[in-house]
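Participant: Following this message is one structure expressed as structure tokens.
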Amino acid sequence: MWSKTRSLALSRILVTAFSAMIFMMTFFVPFFAEWYEGASLGNGLIKGSVKVPTIVILYISEAFAVWALAELHILLHNISKDNVFVSRNVKSLRSISWACIFAGAAFCVLALWRYLFFLAAVAAVMIGLIMRVLKNVFEQAVEIKSENDFTI
Amino acid sequence: MPIIVNLDVMMAKRKISSNDLAERVGITPANLSVLKTGKAKAVRFSTLDKICEALDCQPGDILEWRLPEEDD
């Protein structure tokens, strides 16, 4: 049977698996950039080799991904301890939101070489905005919970 | 908050302990402590009703409004 505990366990497994994937990606970024240089047909504002910008931007966005994943780990840990509407979770959601927006900005830079990366930038910023709204909802929920807890 | 809870004063006048009052009102001693220390954000009418009954007093004897002090 599907349960709340199993759903949380699945989320933790997925986050751990994604963290491992991000870690492995660190070693393959230069190979991916080299492959992409040869395979990509698109163009951008800046003409020329896309290899070095791809390596730099992928490493920068990887740093943001690590930041977001670390916050996701904290968030899931707190949820498993039944600490859902606490200010630390609001802080995590805010961090994840900023990590997505910064990653989006990094992809915008890469889009100068290949316009296609604007799609990735828009997707990252969109996720960042959704997380920001979620953070606002959590912020309000923390306030309501605090009032409820201190109503005698 | 400009609302002051004078529960301590009333309890001293009636010579009643915290545990005793908590039991009579039907709340936990921890919640009574929150109320006494002014950390409570709201008080239910039902709780106020039971406190007034237990202490034989009026809500005004327990709750007081004071002008908030302005920061320099």
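The values are calculated or read from the model by the stated rules, or taken from the named source; none is laboratory data. What you see is a predicted model, and the numbers here were worked out from it, not measured in a lab. Note that we place each Cβ from the backbone using ideal geometry, even for glycine, and neighbour counts take in every protein chain shown.
Participant: In the set A:Ile101, A:Ile144, A:Ile74, A:Ile96, which member is over 30 Å from A:Arg6 (Cβ atoms) and at pLDDT 90 or above?
Facilitator: Sole residue among the options that is over 30 Å from A:Arg6 (Cβ atoms) and at pLDDT 90 or above: A:Ile101.
Participant: Considering every residue within the range B:18-36, establish whether at least one is touching a Lys or Arg at 6+ places or on another chain (Cβ under 6 Å) and either under 19 Å from A:Lys145 (Cα atoms) or within 12 Å of chain A (Cβ to nearest Cβ) (or both).
Facilitator: Taking every residue of the range B:18-36 in turn, at least one turns out to be touching a Lys or Arg at 6+ places or on another chain (Cβ under 6 Å) and either under 19 Å from A:Lys145 (Cα atoms) or within 12 Å of chain A (Cβ to nearest Cβ) (or both).
Quick grid of which residues meet (1) away from every other protein chain (no Cβ under 14 Å); (2) within 30 Å of B:Pro29 (Cβ to Cβ); (3) at pLDDT below 95:
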| site | (1), (2), (3) |
| --- | --- |
| A:Val84 | yes, yes, yes |
| A:Leu110 | yes, no, yes |
| A:Ile130 | yes, no, no |
| A:Asn148 | no, yes, yes |
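Participant: Still on this structure, please answer the following. Can you pull out the residues in the range B:55-72 that are in a helix (DSSP H, G or I) and more than 24 Å from A:Asn148 (Cα to Cα)?
Facilitator: B:Leu55, B:Asp61
Per-residue answers, yes or no, for (1) crowded, with 17+ Cβ neighbours inside 10 Å; (2) part of a helix (DSSP H, G or I); (3) of a type in the set (Ser, Thr, Tyr); (4) touching a residue at least 40 places away in the same chain (Cβ under 8 Å):
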| site | (1), (2), (3), (4) |
| --- | --- |
| B:Ile4 | no, no, no, yes |
| B:Glu23 | no, yes, no, no |
| B:Gly38 | no, no, no, no |
| B:Glu53 | no, yes, no, no |
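Participant: Mind checking which pairs have a first residue in the range A:49-74 that is farther than 16 Å from A:Ser97 by Cβ and a second that is basic (Lys, Arg) and at pLDDT below 95, Cβ under 7 Å, 6 or more apart or different chains?
Facilitator: A:Val50/A:Arg114
Participant: Kindly evaluate B:Gly38 against the criterion of being on the phi > 0 side of the Ramachandran plot and in contact with a helix residue (DSSP H, G or I) (Cβ under 8 Å, 6 or more places away or on another chain).
Facilitator: No; evaluated as a whole, the condition is false for this residue.
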